[in-house]
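Take a look at the structure set out below.
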Amino acid sequence: MHAPVSAKAVVSLSNVHKSFGALKVLDGVSFDVGPGEVTAIIGQSGSGKSTALRCINALETIQEGSIHVCGHAVHDPALDRRALRRDVGIVFQSYNLFPHLTVEQNIMLAPTCVKSMSKAEARELAREVLARVGLEAKAEQYPEQLSGGQQQRVAIARSLAMKPKLMLFDEVTSALDPQLTGEVLKVMESLAAGGMTMILVTHEMAFARRVASTVIYMHQGKVWESGPGSMLDRPQTEELRGFVGSGL
Amino acid sequence: MTYEFDFSVLLPFWREFATGVWLTLQLSALATVLGFVLGTLCAIGRADGSPAVKWAVATYVEVIRNTPLLVQIFLVYFGIATLGVHVSANMAAVIALVVNVGAYTCEIVRAGLESVHKAQLEAADCLGLSRVQTYWHVVLRPAVERVYPALTSQYVLLMLASSITSQISAEELTAVANRIQSDTFRSFETYIVVGVLYLLLSFVVRAAFWGFGMVVFVRRRKLGTAL
Ligand SMILES: Nc1ncnc2c1ncn2[C@@H]1O[C@H](COP(=O)(O)OP(=O)(O)O)[C@@H](O)[C@H]1O
Ligand SMILES: [Mg+2]
């Protein structure tokens, strides 16, 4: 049995199984993420990376195993989902900004609704997180007026405004061209440097190698290999060697 | 054919016509607001309610959409009276129109709700918003915005259809006209005037909806996108 590396782990998955009908997507996944650690999950499309993130955030329910996140027992049917949401931020590939709200309103919505913050406080907070992603000037704009990279940075700022203890990123740069990818990765790198605990699914191998404290290679719903970024230079398995070699 | 038009006999009745216009506006404005609330709640119930709620809404919508408005009006008017509750003809008219337009609103708004991407709901959920907050802040405005032209047409139709409530002698423009033509024996002229007044009313209602849309759908206004 898998034992948590440390009782202080922010995220701890133990023997997690998840199927969609007959399709086994997570097949006994276990890993821990400690405070301030950056974990990058890599792997072929369909290997279960997104599903793993979604399970961590209780967007999917698991059939077997346990998931602990910031002290919440996520696998427990009695989970207080809204309490979990306060501790975990997630950013998706498709940004999912609210199109009818300005950048600032997008960011202010959750603090005012969920934390009952006043409009003025929330506005100040919005300016603060926008500054962190370098977009103070865009507060009054609507999402459709921004580039993809800018929209994704707003989505990150919107999550940050809830002051999460853990950030999840699911292929947040996959829809962006290389130039815009760079500006989003820079924001994520500065978050990591600031001590944020993060799990990111990514195809940016160079970024994973440089920023991640742990890289997890998933294959067929399993943690196939994991280790520090340097593991990518010396793959232990045929599958990872093939994956790294394919230049993805 | 040598019909001599004489509109001058109608001139002394301008006050009655004006009152009729005003009553029709009030009647349809009230029915529009209440019908929108009813229809929107039904649409949410149908999209997100328990199986019993979904079934109830679906039944309501089908029954209303497949029976004549006039019959619905009679049913409400005489039905309520049978229950021993006294309501004025105008009250009965409002209730019947609300029930009627609520069903059509439900179908239109439902299409709008379906057009809001599931990822939007998930994003709101992940930010910690409750279901009610999500509907209010994230779903309803874009949904209604998308079907706003269809809603506008439906409520213009409602205003025109309100003329049929004259059948239970509700006070509105057509009822006023009925009285005037029986006083003056100038039926053709009276209904020409009434027709023109309804035309103007339609224009006013459309303009009002356009203006309201400009106020509510701020992004459209700021980005200059047509409704
Ligand atoms: N909601 C779902 N219903 C059915 N199958 C799903 C669902 N979500 C994901 N899958 C399937 O699970 C597998 C893993 O998907 P995913 O976790 O998205 O992989 P990855 O993110 O690594 O590309 C895929 O075969 C996908 O088709
Ligand atoms: Mg994925």
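The values are calculated or read from the model by the stated rules, or taken from the named source; none is laboratory data. These numbers were taken from a predicted model, which means no experiment stands behind them. Please note: Cβ atoms are built from the backbone with ideal geometry, for glycine as well, and neighbour counts cover all protein chains shown. Heavy atoms of the whole protein, side chains included, go into the accessibility calculation; ligands, DNA and RNA do not. Shrake-Rupley method; radii C 1.70, N 1.55, O 1.52, S 1.80 Å.
Before moving on, here are some points about what is shown:
- Over 30 Å between alpha carbons, listed pairs A:Lys18/A:Lys186; A:Lys8/A:Lys186; A:Lys115/A:Lys138; A:Lys49/A:Lys186: A:Lys18/A:Lys186
- Gyration tensor (alpha-carbon) shape descriptor, chain B, a/c threshold 1.5: oblate
- Other residues with beta-carbon under 13 Å from the beta-carbon of A:Asp233 carry, at +1 per Lys or Arg and -1 per Asp or Glu, a net charge of +3.
- Theoretical ellipticity at 222 nm over chain B - DSSP helices of four or more residues, -39500 (n - 2.57) apiece, nearest 500: -25500 deg cm²/dmol
- Gain on full extension, evaluated as 0.36 nm per residue between B:Val215 and B:Ser50 minus their Cα-Cα distance, stands at 56.0 nm.
- Assigned charges on the beta-carbon of Lys, Arg, Asp, Glu; chain A dipole about Cα centre (debye): 420
- Under 11 Å, Cβ to Cβ, from B:Leu121 - net charge with Lys/Arg +1 and Asp/Glu -1: -1
- Rounded to the nearest 5, the antiparallel percentage of DSSP beta bridges internal to the protein assembly as shown is 55%.
- Span from the segment A:9-59 Cα centroid across to the segment B:186-227 one, whole angstrom: 55
- Within the shell defined by Cβ-Cβ distances under 9 Å, the residues around A:Ser50 carry a net charge of 0, with Lys and Arg each +1 and Asp and Glu each -1.
- Cα-based helix-to-principal-axis angle, B:14-48 vs chain B, degrees rounded to 10: 20
- DSSP beta bridge pairing in chain A, given as percent antiparallel to the nearest 5: 55
- Positive-pole candidate from B:Leu11, B:Ser153, A:Ala175, dipole of the protein assembly as shown, charges at beta carbon: A:Ala175
- Between helix A:103-114 and chain A: long-axis angle, C-alpha atoms, 0 to 90°, nearest 10: 80
- Loop-located chymotrypsin sites (Phe, Trp or Tyr not before Pro) in segment B:178-213 (DSSP state not H, G, I, E or B) with no more than 14 neighbouring Cβ atoms inside 10 Å: B:Phe185.
- Average partner coverage of B:126-136, which counts Cβ from other chains inside 10 Å: 6
- Per-residue extension of 0.36 nm, minus the Cα-Cα distance of A:Lys24 and A:Ser174, leaves a gain of 51.5 nm for this segment.
- Remark: the protein assembly as shown carries a charge dipole of roughly 640 debye about the Cα centre, counting +1 on each Lys and Arg Cβ and -1 on each Asp and Glu Cβ.
- For A:Glu225, residues with placed amide H under 5 Å, excluding near neighbours: A:Tyr217
- Chain A - mean residue ellipticity at 222 nm from DSSP helices (-39,500 (n - 2.57) per run, n ≥ 4, rounded to 500): -10500 deg cm²/dmol
- Positions from segment B:197-224 whose accessible area shrinks by 30 Å² or more when the full protein complex is built, not the chain alone, probe 1.4 Å: B:Arg219, B:Leu223
- Axis angle, to the nearest 10 degrees, between helix B:140-161 and the longest C-alpha principal axis of chain B: 20 degrees.
- Since only B:Trp136, B:Val98, B:Ala124 are under comparison, the one whose Cα sits farthest along the positive direction of the charge dipole of segment B:26-174, derived from C-beta charges on Lys, Arg, Asp and Glu, is B:Ala124.
- When the accessible areas of A alone and B alone are added and the area of the pair subtracted, with a 1.4 Å probe, the result is around 2100 Å², both sides summed.
- Under a model in which nothing but the beta-carbon of Lys, Arg (+1) and Asp, Glu (-1) is charged, segment B:26-174 shows a dipole of about 200 debye around its Cα centre.
- Rolling a 1.4 Å probe over the protein heavy atoms gives the protein assembly as shown an accessible area of 47 Å² per residue.
- For segment B:26-64 versus segment A:147-219, the spacing of their alpha-carbon centroids is 43 Å.
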